[in-house]
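One structure is given here, and the rest of the page talks about it.
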Amino acid sequence: MSADLAPLYSRRSQPSIAPERLLRVSLLQSLFTIRSERQLVQHIEYNLLYRWFVGMNIDEAAWNHSTFSANRDRLFSENVAQRFFAQVLRIAKWQDLISDGHFTVEGTQVEARASMKSFVKKDGSGTPPEGGGRNPTVDFKGEKRSNVTHYSTTDPDARLYKKSEGDKSRMSYLSHALMENRNGLVVDAETTLATGTAERDAALVMAKRTMKPGSTLGADKGYDTAGFVKDLRDLKMTPHVSQKKNSAIDSRTTRHAGYTVSLKKRKLVEEIFGWSKTIGGLRKARFVGLAKVKAQTIFTFAAYNLTRMATIFGWRLSAI
């Protein structure tokens, strides 16, 4: 990736952190669930294995956490994350780990880096906070709030969203993964604004971009709509979607053994999001803005693919 990282080097007189090091450090943060930049720098200060992986000398001073954060903003672009994801995927393709005909799609809610207090009326007519201080009191009782009339002053791209009825509304994005069914690796990713149709829209975008005619696409009941099924069939792809009451999927699809296999394989996609949220830090966005959250999502899925391939290749067992 030298050609991709070369433009990221600082052209000013004061040297910056090398992009290769930023990439390796960010990978450590995802793989070892390091919550903050301050904590990450502390780990690098005393952990010799981390230093070796990053390429630092034993007596080299670690960066200040604020310096690291400022430099990483240059690295975390969607283009660089996509290139890194593609390089990881090349290893999987080289080892023939990826199916080219059977896929599964799923989406998950990612909490935005914005508080509910920042969600204010667009026309500025809201009641000002009370109490003063760094954390003033805001009373939302009885106030109707929606994405049409309100926006976040901290992260204007974030949207008020709840995953299901009865769930708490949060400032959120939606991240989506397209998984191949052979070994459960992520082959495509999208991050969108949190809307009611975003999951199905993103699934069609990834299907057009990655899948070929004749492929199958598994998904949960949320994708079982007449419009989505029709759009997928127009692409000459077979929707292996879990059926709900008054399903758009009929016996032309469900009678085949491959449909049952797709439903079983669909559970693998939950492992992707489970790892990404509990280990990879995707439960809450580290950045502000859709472009940066896209980069974080893609980078996290690349890290997941590396851990998944480590299991497939037996690297972990051999290390033990």
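Tabulated results
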| quantity | calculated |
| --- | --- |
| Boolean, LEU97 is over 22 Å from LEU40 (Cβ atoms), modelled with pLDDT of 90 or more and part of a helix (DSSP H, G or I) | no |
| Residues located in the range 173-192, provided they are at pLDDT below 95 and under 17 Å from GLY289 (Cβ atoms) | none |
| ILE58 being outside any helix (DSSP H, G or I), β-branched (Val, Ile, Thr) and more than 29 Å from THR210 (Cα to Cα) | yes |
| Some residue of the range 274-286 being touching a Ser or Thr at 6+ places or on another chain (Cβ under 9 Å), in contact (Cβ under 8 Å) with a residue 60 or more places away in the chain, within 12 Å of ALA177 (Cβ to Cβ) and among the hydrophobic types (A, V, I, L, M, F, W, C) | yes |
| Exclusive hit being open to solvent by 10 Å² or more (accessible area, probe 1.4 Å), within 18 Å of ILE272 (Cβ to Cβ) and touching a residue at least 60 places away in the same chain (Cβ under 8 Å), set GLN95, GLN82, GLN87 | GLN82 |
| Any hit, the range 123-139, residues being modelled with pLDDT of 80 or more, of a type in the set (A, V, I, L, M) and open to solvent by less than 70 Å² (accessible area, probe 1.4 Å) | no |
| Residue in the range 236-251 that is of a type in the set (Lys, Arg) and closer than 12 Å to LEU178 by Cβ present | no |
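The values are calculated or read from the model by the stated rules, or taken from the named source; none is laboratory data. As the structure is a computational prediction, the values presented were derived from the model and not from experiment. Here the Cβ is made from the backbone with ideal geometry for all residues, glycine too, and neighbour counts use every protein chain on show. Areas reflect the complete protein model, heavy atoms only, side chains present, ligands, DNA and RNA absent. Shrake-Rupley method; radii C 1.70, N 1.55, O 1.52, S 1.80 Å.
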